[in-house]
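Undergrad: Next up is a structure, given as structure tokens.
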Amino acid sequence: MFLLFYILPFTFASLKERITTYEVTLPTNLLGRETNWRAYAYSSLSVRLYPSSDSSSNYYVGYTDANGLGTVLKIKSQSNKIQRTDTFKGYSVRGLHVLSDGTYGILLWDTKTSLIYFRKVSHKGKEEFTKPLGLRTAPFPSSVPAGSDKGYGIGDSRVNYGDGKFHIYTHVHSDNGHEGDALFTVTDDGTVQQIWGWGCSHMMSGLQGWNSNTKTMIHICDSDAYPSTGMFAENSVKYTLYKHAGNGGGMSAGELGGVVENGDGWLLIMNSIQPESASTANPQSAIQDIGVVSINANKTRSKVDFIKISDKKKSNGCIAKFEGNFLVGYKQGTDFFLGSIDSNAKIMNDFENVTDVTGWGDRDDSFRNMEEGGIFWVRAPNDKGNILIITEFSAAFGNYMINVMFCALFMMVFL
């Protein structure tokens, strides 16, 4: 007898079913948390971790250990096996991007001289070149002084790549005592260009995101002062993404989370106050909600949607491409939530509490797409400990389960 089966689209009850974790033991304890400005608070950030991956889905994690030693680990795909340890004596790690073949670019920070450098490292772990990033020759001569905890104290640092260039976007501190940001590009052969020496002032948080369709990088800051108070692309009010309150003294009523390409534009995950206003009364006690900003190809804002699940403050938004949609995460109190949205910010998978299986760091642009379609992120459950937890979220899990079900039905009927 010949039977036909029609398998309906399969929907999972939980995104947790796609999660696998790997516990990695480090050779030395991590540096620990660092003080930094958050959403209308002077608080702290989790230990700075910089994840990336190659075309074989091997994980790379950049960090600084308790002795101040900058380190990059190469960890075998879907395992906790450390394949290689690269160390950078005299430097802290402040950004990392790995190319398909395992070559990577890294932002190195000398906390003694307060200067920063970009280094390109081969797929075998050998230095190809190191270039100083010219903060001293900027319009406002600058540096990056270290706090007592060996952290930035304000703002962020990011390394991304597109079209043959690494983009390095970082907080800087001017000699006359002000806080800004600087943007550099470094080509594959080591040509350095300063795009700007003084951008948003103050850069309270910062992001970059590549669009592979338009071959364009977007650079986003959250600012409490210049070019105004709110979130901006390319340090310009022409590209205002969201307006919110700020006091020009470190207090900003919003925080950036993550940015990812969406067609010819981008989706930005952030947290801020509703309704949109540069003069919210009592912003310190207002609810921080998770917002999704739709950004056009020309870097102007299309619209803003808020994911309002409760009346509690939220933070640490994350986003990555996921089966034609987008995986979104955020933190509420001590709990972590995952859900998904489509390109118009419509919720596709309801947000669920995943605290018992995973978590991620504070404002660390956590979710990383891998070339084979999966997503991974990394967390240090004890910021000063020697344990990393790598989480891999399988985008192919649904198809795998459908195939398993089909095979089971086939065997039941024909065997």
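The values are calculated or read from the model by the stated rules, or taken from the named source; none is laboratory data. Quick caveat: nothing in here was measured; it's all calculated off a predicted structure. Cβ sites come from the backbone with ideal geometry, for glycine too, and all protein chains shown count toward neighbours.
Undergrad: Which of the following residues is under 27 Å from Ile75 (Cα atoms), at pLDDT 95 or above, part of a strand (DSSP E or B) and among the polar types (S, T, N, Q): Thr358, Thr391?
TA: The conditions single out Thr391.
Undergrad: Between a residue in the range 86-114 that is over 20 Å from Arg363 (Cα atoms) and any residue that is of a type in the set (Val, Ile, Thr) and assigned to a loop (DSSP other than H, G, I, E, B), which pairs come within a Cβ distance under 8 Å, given they are 6 or more apart or on different chains?
TA: Taking only residues 6 or more apart or on different chains, the pairs are Ser114/Val144.
Undergrad: Mind telling me which of the residues Gly230, Gly248, Gly258 ends up being in a strand (DSSP E or B), in contact with an Asp or Glu (Cβ under 7 Å, 6 or more places away or on another chain) and either at pLDDT below 95 or small (Gly, Ala, Ser) (or both)?
TA: Exactly one residue qualifies, and that residue is Gly258.
Undergrad: Out of all the residues in the range 9-63, which are hydrophobic (A, V, I, L, M, F, W, C), surrounded by fewer than 21 Cβ atoms within 10 Å (Cβ to Cβ) and farther than 15 Å from Pro381 by Cα?
TA: Phe10, Phe12, Ala13, Ile19, Ala41
Undergrad: Another question, then. Could you tell me which residue of the range 200-227 is surrounded by the fewest Cβ atoms within 10 Å (Cβ to Cβ), considering only residues that are part of a loop (DSSP other than H, G, I, E, B) and touching a Ser or Thr at 6+ places or on another chain (Cβ under 9 Å)?
TA: Ranking the candidates gives Pro227 first.
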